[in-house]
C-alpha cells in the first residue's frame, strides 16, 4: 500500500509541479540530480515504501546476497544504461550512469546512515586494560579470543589474548584515541561489517 501511494504521489507531483531550471551544466545536473534521487529513494525505503519495481528487486536481492541496496540498484541500472547507450547515445548513457553512481551511494547512506558498523580487532599486551575501556568507558561489548603470537624476541611463540568489538563509524575516532592512551603499539585491524544481528547491537530495520 505504501509503495502504491508513493508511486502515485510521485507521478502526480512530477506531472503538476513546474520545476525551475537552475543550471544547464550537465555535470551538475548528473551529480546533484543523483544525490536528490538517492535521498528520495532512501527515505522512501526507510519508511517502508519503494518508488518503483527496481527498488523492490534491490531490497530482495540485498537480503538474499548480503550486498547493499545501492549496489544492486547500480547493477540493474548499468544494464539499462548499456541498452540506452546502444539505442540513444553513449554521452547520455555516461551521464545517466554518473547520476546513479551518486544515487546509489546516497541510498546506502540514507538506509544505513551513521549506523554503518566497523569490526575492530585489537592485539595488545594490555588487552585487559583495553577490555575494561571498551566495556566501561565506551559501553561496547567485546569478545576475547585466546591467540598465540608468532615469535617473540627470543624466537618462541607466546600466548596473547585478542579483542574483537563492533563500533559505529562515528565512534572510530574516539576508539583510536582511547586505545592510544593505553597502548600506542597496539595492532588494530578494521573492516566494514555489512550485516549483523543480536548482541548489544541495535539496528533500525527497513519495514
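Values quoted throughout were computed directly from the atomic coordinates according to the rules given, and no laboratory measurement underlies them. Please read these numbers as outputs of a predicted model, since none were measured by experiment. Positions of Cβ are backbone-derived with ideal geometry, glycine not excepted, and every protein chain shown enters the neighbour counts.
The modelled label-to-label distance between residue 161 and residue 82, using points 7 Å beyond Cα along the C-beta direction, is 5.2 nm. Legend: ranking of residues 165, 177, 143 from fewest to most surrounding C-beta atoms inside 10 Å; resulting order 177, 143, 165. The calculated P(r) of the stretch 116-193, using every Cα pair and 10 Å bins from 0, goes 18, 53, 22, 6, 0 in percent.
State, as an integer percentage, the relative contact order of the stretch 146-191 based on alpha-carbon contacts under 8 Å between residues 6 or more apart. List each step's numbers first, then the result.
On the way: 25 pairs, mean separation 10.3, N = 46.
Normalised by residue count, the contact order of the stretch 146-191 is 22 percent.
Three semi-axes describe the equivalent ellipsoid of the stretch 77-134; taken as square roots of 5 times the Cα gyration tensor eigenvalues and ordered largest first, they are 46, 12, 7 Å.
Starting from 0 in steps of 10 Å, tell me what percent of the Cα-Cα pairs of the stretch 2-113 lands in each bin. It works out to 14, 41, 38, 7, 0, in whole percents.
Put a dot 7 Å past the Cα of residue 75, heading toward its Cβ, do the same for residue 169, and the two dots end up 2.1 nm apart.
Which whole-number percent is the relative contact order of the stretch 116-164 (Cα, under 8 Å, 6+ apart)? Mind showing how you got there, number by number?
Details: 62 pairs, mean separation 21.4, N = 49.
Rounded, it is 44 percent for the stretch 116-164.
Just need the relative contact order of the stretch 2-113 here, percent rounded to a whole number, with Cα pairs under 8 Å and 6+ apart. Write down the numbers at each step before the final one.
Details: 110 pairs, mean separation 41.6, N = 112.
In percent, rounded to a whole number, it is 37.
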